[in-house]
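Nothing in this text is a laboratory measurement; each read-out follows from the coordinates by a stated rule. As the structure is a prediction and not an experimental result, all values here were calculated from the model. Virtual Cβ from ideal backbone geometry, glycine too; neighbours counted across all protein chains shown.
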Amino acid sequence: MIEKQICMSVKFFLETIPLSIISEMKNLQLTVMDQSVNKEMEKLLAKTVLVGGKRLRPIMTYLFGDFFSIQLSKITPLARAIELVHAASLSHDDVVDNATTRRGTPSINIVSSNQRAVLAGDYLLADVIVSLSRENDINLIREMSLVIQALSDGEWLQLNASESRKYSREIIEEIALKKTGSVISWCCVAPAYRYGASASVVEYCRELGHNIGIAFQMIDDTLDFSDKSQKDHFLDMENGIINSVIYEWLQMNPEINEAFKKGKKITDLWTNNKLQEAVEVVRERAAKKLARANELLEVVAQEAGLDSANIAKKMAPLKSMIRFIGERSL
């Protein structure tokens, strides 16, 4: 019954996306724009981090652009930018995490090398900043710089926590905020700038994106323990990385938690005892974040003075997207 509800949620979300957005998505070129790009690097990116994915970030950016009634062609550069930054972060993460696969295929560092994976990710980031500079809006460049900064800071915090083994719910949430919330906030904030929103509306959009992003990461953590997960089995645990589910599981198993703090590997201590309870705790916390996101969506509509006659129609796909994030199983 639960799987049926999830499938219905995904179907409803997809059906609520305006056809205009689906059409504009076809014009989204997820390639390096610079004609002088090293062709070997371009091919490496095209067959690894730029392949597949749900393209949820561009879709969200378009949906928020439509929410503010902005011409979608003006949103395309913003949607492209955030997906390329996400791809760059995947390229770097695969090196940091010693990954071997991504989305069921060999990761970029395996296809090429750690050095080339880092360089390719760096090149994508540079291409994004160059492309955004053509939009003649310093706010967009500043916001994207903050996203890139947050991604690095989040990875640093995660490394420190994995080495010290000093985890808390607050630290794990801060990592999620920086590594995922920052990216999702762009999808909300960048269209707000395009609309010419006030500073207060921009900040509401930022908070909205942060809540969606943290919830997205929490749900992602629960999926690591799904039979459908395509991630390297227990890879994070092998690297000493504790996500929100593993943290709650450790709290529910005090003896294991103490052994972990004293230096034992999680993989050597692993048991399914109370795992499902930990998953449910994380899903409940994610649901609260998404409920707050729904509240903020209403606040943004009111504070921005959006057309009340059309706002329900504009808001529907965003609300179904929030529902989809909370109920997704892949």
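From the residues 154, 67, 171, which one has its Cα farthest along the dipole of the chain in the positive direction, the dipole being from +1 and -1 charges on Cβ of Lys/Arg and Asp/Glu about the Cα centre? Going by the Cα projections, it comes out as 67. Working from label points 7 Å from Cα in the Cα-to-Cβ sense, the residue 152 to residue 15 distance is 4.6 nm.
Building the convex hull from the alpha-carbon atoms of the range 88-207 and averaging its projection over directions returns 8.7 nm². Students often get this wrong: which residues of the range 47-81 have the backbone nitrogen under 20 Å from the point 7 angstrom along Cα-to-C-beta of residue 105? Under 20 Å, as judged by backbone N against the label point of residue 105, lie 47-58 of the range 47-81. With neighbours defined as other Cβ atoms within 10 Å of a residue's Cβ, the residues 123, 204 order from fewest to most as 123, 204. If only the Cβ of Lys and Arg carry +1 and only the Cβ of Asp and Glu carry -1, the dipole of the chain around its Cα centre is close to 580 debye.
Multiplying the sequence separation of residue 226 and residue 162 by 0.36 nm and subtracting their Cα-Cα distance, what value in nm do you get?
On the way: separation 64, 0.36 × 64 = 23.04 nm, distance 2.30 nm.
Residue separation times 0.36 nm, minus the Cα-Cα distance, leaves 20.7 nm.
Restricting the calculation to Cα atoms, the range 179-268 shows an Rg/Rh of 1.17 when the hydrodynamic-style radius is the Kirkwood one.
Let me know the volume per residue of the alpha-carbon convex hull for the range 160-225, in Å³. It would help to have the intermediate numbers written out before the result.
Numbers: hull volume 5.9 nm³, N = 66.
Expressed per residue, the convex hull around the Cα atoms of the range 160-225 is 89 Å³.
With the convex hull built on the Cα atoms of the chain, state its orientation-averaged projected area in nm². About 16.6 nm², averaged over all directions.
Angle check, please: helix 199-223 long axis (alpha carbons) against the longest principal axis of the chain (alpha carbons), in degrees 0 to 90, nearest 10. That works out to roughly 40 degrees. Modelled label positions at residue 36 and residue 308, each set 7 Å beyond Cα in the direction of Cβ, lie 5.5 nm from each other.
Hey, which of these cross-link pairs are over 22 Å Cα-Cα: 179/288; 47/179; 179/274; 26/47; 261/288; 54/179? All intermediate terms of the calculation are to be shown ahead of the outcome.
Values: 179/288 20 Å; 47/179 24 Å; 179/274 27 Å; 26/47 19 Å; 261/288 30 Å; 54/179 18 Å.
From the list (179/288; 47/179; 179/274; 26/47; 261/288; 54/179), the Cα-Cα distance tops 22 Å for 47/179; 179/274; 261/288.
Given Cα positions, please report Rg to Rh for the range 220-330, the hydrodynamic radius being the Kirkwood one.
On the way: Rg = 18.9 Å, Rh = 16.4 Å.
We get a ratio of 1.15 for the range 220-330.
Per-residue ellipticity at 222 nm from helix content only, as computed over the chain with -39500 (n - 2.57) for each DSSP H run of at least four residues, stands at -22500 deg cm²/dmol. Each 10 Å bin, from zero up to the one with the longest distance, holds this percent of the alpha carbon pairs of the range 273-328: 21, 41, 23, 11, 4, 0.
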